[in-house]
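Novice: Here it is, the structure in full.
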Amino acid sequence: MKKLALHWKIIIGMVLGIIWALISSSMGWSAFTINWIDPFGTIFINLLKLIAVPLVLFSIISGVANIGDPSSLGRMGGKTLGIYLLTTIMAISLGLLLVNTFKPGKLMDEQSRIDNRISYEIWADAEGYQIKDGINYLKDPAFLERAQEISELSKSELKEASVADKMQTAEKSKESTPLQPLVDIVPDNFFSSLADNGRMLQIIFFAIFFGVCLLFIPSDKSKPVLKLVDGINEVFLKMVDIVMQAAPFFVFALLAGVVSKMAGNDIGKVLEIFKSLSWYSLTVLVGLLMMIFVIYPLILKLFVKQIPYTGFFKSMSPAQTLAFSTSSSAATLPVTMECVEQNLGVDKKISSFVLPIGATVNMDGTSLYQAVAVIFLAQIHMIDLTIGQQLTVVLTATLASIGSAAVPSAGLVMLIIVLSSVGLNPAWIAIIFPVDRILDMFRTVVNVTGDATVCSIIADGENMLNYKEKDPAETFDLDS
Ligand code: ASP
C-alpha cells in the first residue's frame, strides 16, 4: 500500500487535536487537556529546538568550509541579505495596500471609534504628543464627561498582566544604542550563546568564523575536523527523522493544548473573539495567503525555472505544516533544512548558510502582519496615518521583523516598537492579543516559505540546485 505522506499525517493530527479540544471544552475537560495532553506539545517543541542549535552550528561550519572560497561566501552573504530584505519590503507593502484598501478598522461602529479616539487623546496628552489631525475631542465640551469615564477605564485596562509583560520586553530592546544589534551578534562567550536559544545570530557568527578559519589552516589539520563535523551533522539529521516519525501525535497534542487554552470550558468564546476582530484577521489572512499562493510562486516562476509551483509545495509541506502547528520558525528549522535539501535539491553548502540566517532575520509574514495591525489599530481610533508615517511603518516593521525572535508571539512584542514609532499607544496590542496566537500560526508558515523561496533563488544563482520530483512520503524516512 502507498504510504501516506507525512504532511497528511500531520494535518490529520492537527484536525484531531482541534476536534479533541472542542469536545473537551464542551464536556468541561479543558483542565485535563491542558494538564495531560498539552505537555506533549511542549516536549515536541523542546525536541526540535534542542536539535536546531547544534544543527545550525555544525551545518554552517561544514557548509562554509566546503564552499572552499571565502570570497564567494561574502558574495553569497550579500545576496542573501539583499533578497531577504526585498521580500520583507514586498510583504509590508502588500500588507499596507490591503489594509488601506479594505479599511477593516473603519467597519467598527462610529461611537466605539469616537470613544477609542478620546482614550487615545488622553494617552497622547499624558505622553506629551501633539494631536494634529481631525477634531480634538478633549477640547470639545460635548465629549468631556465621556473622556473622564474612559480615562478611569483605560487605566485599569492597561494593567493587564500579559500585556504589561510584553511591554517590558519591548522596552528593553528600545533602550539600547543604534549599533547594539551589531554588538549583540558578537558573543563574548560562545558557551553562553549555546545556552540561549534566542542567540541564534551569535551562533551563526561563530560558525561562519570557525568555518572560514578552517579554510586557512593546513588541510592535514582541517580534514579530520571537517570529517568530525560532517559526522555529527548526520547524527542530528537522523534525530530530526526520528522526531518527525512521531510528529503527527505531537501535533495533535499541540493543537489540542492551544485551542483548549483559548476556549477554556466555553467553545463559544473562540467564536466571540473572532467575531469582533474578524475583518482585521481576514485582512491579515488574505495578505498571508497571497504571499504563499501568489507572490512566492511568482518569484519562483521568474527566478527559479527548475522548480514547478506544485513541486515546491509538495516538497515544503512537512515544514509548512510544522510551522503552522508550532508557530516557531526556529523549532521548524531542522525540518525546513531537510525539506529544502532532500526535496528541493538545494546543495547543503547553500541551505546550511541561507536557512538559519533566514529563520532569524527574514520574517515576511510577521512584517506583513505588523503593517496591517498598526494601520488597523489606528483606524479603530479614528487616526489617519500620513504617507510619511506609513513609510516609517515600512522601516520599523522591517527592523522589527528582523529583531523578532523565531518563537511564538515574538511578532506581537515587536509590534510595540512599530506602534511607538508613529506615536501610537503600544498598549493597543491588548486589542488584537486574543486572535494573535492563531494568526501567528499562519504568519510562521509564510516566514518559513519565504526562507525556502529565497534559498532556492540563491542556490539556482550559484548553480547548486538540482530539483527532481520525489515522492513526499519518502521525506524523513528512517532508512534514507
Ligand atoms: N512565530 C513567528 C516565527 O517564529 C514570529 C512571530 O511572528 O511571532 O516565525
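Novice: Select, from 293, 236, the only residue that is surrounded by fewer than 14 Cβ atoms within 10 Å (Cβ to Cβ) and not in a loop (DSSP other than H, G, I, E, B).
Specialist: Step by step, each of 293, 236 is checked, and only 293 is surrounded by fewer than 14 Cβ atoms within 10 Å (Cβ to Cβ) and not in a loop (DSSP other than H, G, I, E, B).
Novice: To continue, here is another question. Inside segment 216-243, can you point out the residues that are closer than 15 Å to residue 348 by Cα and in contact (Cβ under 8 Å) with a residue 60 or more places away in the chain?
Specialist: The answer is 226, 229, 230, 232, 233, 236, 237.
Novice: Which members of segment 351-367 meet the condition of being among the hydroxyl-bearing types (Ser, Thr, Tyr) and either more than 15 Å from the ligand (Cβ to nearest atom) or free of Cβ contacts under 8 Å to residues at least 12 places away in the same chain (or both)?
Specialist: Residues satisfying the conditions are 351, 352.
Novice: Consider only pairs whose beta carbons are under 8 Å apart and that are at least six residues apart or on different chains; among these, list those whose first residue lies in segment 368-385 and is over 14 Å from residue 420 (Cβ atoms) and of a type in the set (D, E, K, R) and whose second residue is assigned to a helix (DSSP H, G or I) and open to solvent by less than 10 Å² (accessible area, probe 1.4 Å).
Specialist: Short answer, once both residue conditions are applied: 384/378.
Novice: Oh, and also: Scan segment 315-348 residue by residue and report those that are over 25 Å from residue 201 (Cβ atoms) and either outside any helix (DSSP H, G or I) or more than 19 Å from the chain's Cα centre (by Cα) (or both).
Specialist: 315, 342, 343, 345
Here's the yes/no breakdown for (1) within 30 Å of residue 208 (Cα to Cα); (2) modelled with pLDDT under 90; (3) of a type in the set (A, V, I, L, M); (4) over 26 Å from the mean Cα position of the chain (by Cα):
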residue: 29; (1), (2), (3), (4): no, yes, no, yes
residue: 42; (1), (2), (3), (4): no, no, no, no
residue: 49; (1), (2), (3), (4): yes, yes, no, no
residue: 59; (1), (2), (3), (4): yes, yes, no, no
residue: 67; (1), (2), (3), (4): yes, yes, yes, yes
residue: 72; (1), (2), (3), (4): yes, yes, no, yes
residue: 81; (1), (2), (3), (4): yes, no, yes, no
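Novice: Let me ask something additional. Return a yes/no flag: does segment 300-320 have any residue that is open to solvent by 10 Å² or more (accessible area, probe 1.4 Å), at pLDDT 95 or above, within 30 Å of residue 238 (Cβ to Cβ) and within 16 Å of the ligand (Cβ to nearest atom).
Specialist: yes
Novice: Okay, moving on. Does at least one position in segment 247-263 carry a residue that is surrounded by fewer than 16 Cβ atoms within 10 Å (Cβ to Cβ) and either among the small types (Gly, Ala, Ser) or over 30 Å from residue 433 (Cα atoms) (or both)?
Specialist: The answer is no; no qualifying residue exists.
Novice: Six or more apart or on different chains, Cβ atoms under 7 Å: show the pairs whose first residue is in segment 457-476 and open to solvent by 30 Å² or more (accessible area, probe 1.4 Å) and at pLDDT 85 or above and whose second is β-branched (Val, Ile, Thr) and in a loop (DSSP other than H, G, I, E, B).
Specialist: Pairs found: 460/304; 467/307.
Novice: Are any residues in segment 362-392 of a type outside the set (D, E, K, R) and not in a helix (DSSP H, G or I), and if so, which ones?
Specialist: 362, 363, 381, 382, 383, 385, 386
Novice: Of all residues being of a type in the set (Gly, Ala, Ser) and without any contact (Cβ under 8 Å) to a residue 40 or more places away in the chain in segment 78-110, which is nearest to residue 369 (Cα to Cα)? Just the residue, please.
Specialist: So, considering only residues that are of a type in the set (Gly, Ala, Ser) and without any contact (Cβ under 8 Å) to a residue 40 or more places away in the chain, the one nearest to residue 369 (Cα to Cα) is 82.
Novice: Still on this model: Looking at 34, 12, which is the one that is assigned to a helix (DSSP H, G or I), among the aliphatic types (A, V, I, L, M) and open to solvent by 70 Å² or more (accessible area, probe 1.4 Å)?
Specialist: 12
Novice: Something else now. Filter segment 393-425 down to the residues that are away from the ligand (no atom under 16 Å from the Cβ), more than 25 Å from residue 358 (Cβ to Cβ) and assigned to a helix (DSSP H, G or I) and list them by number.
Specialist: Within segment 393-425, just 420 meets the criteria.
Novice: One residue is enough: does segment 330-350 have a residue meeting the conditions within 11 Å of the ligand (Cβ to nearest atom) and among the small types (Gly, Ala, Ser)?
Specialist: yes
Novice: For segment 395-420, enumerate the residues that are under 24 Å from residue 123 (Cα atoms) and of a type in the set (Val, Ile, Thr).
Specialist: Correct list: 396, 413, 416, 417, 418.
Novice: Something else about it: Taking residue 275 and the conditions (1) open to solvent by 20 Å² or more (accessible area, probe 1.4 Å); (2) in contact (Cβ under 8 Å) with a residue 24 or more places away in the chain; (3) more than 17 Å from residue 453 (Cα to Cα), which numbered condition does it fall short on, given that it satisfies the others?
Specialist: (2)
Novice: Tell me, yes or no, whether segment 440-447 has at least one residue that is outside any loop (DSSP other than H, G, I, E, B) and open to solvent by 10 Å² or more (accessible area, probe 1.4 Å).
Specialist: yes
Novice: Would you pick out the residues in segment 83-117 that are within 30 Å of residue 213 (Cα to Cα) and open to solvent by 20 Å² or more (accessible area, probe 1.4 Å)?
Specialist: 83, 85
Novice: In segment 181-202, which residue that is among the hydrophobic types (A, V, I, L, M, F, W, C) and within 18 Å of residue 410 (Cα to Cα) is least open to solvent (accessible area, probe 1.4 Å)?
Specialist: 200
The values are calculated or read from the model by the stated rules, or taken from the named source; none is laboratory data. What you are looking at is a predicted structure, and each value in this text was computed from that prediction instead of being measured. Ideal geometry is used to build each Cβ from the backbone, glycine not excepted, and the neighbour counts take in all protein chains shown. Just so you know, the surface numbers come from the protein's heavy atoms only, side chains and all, with ligands and any DNA or RNA stripped out. Shrake-Rupley method; radii C 1.70, N 1.55, O 1.52, S 1.80 Å.
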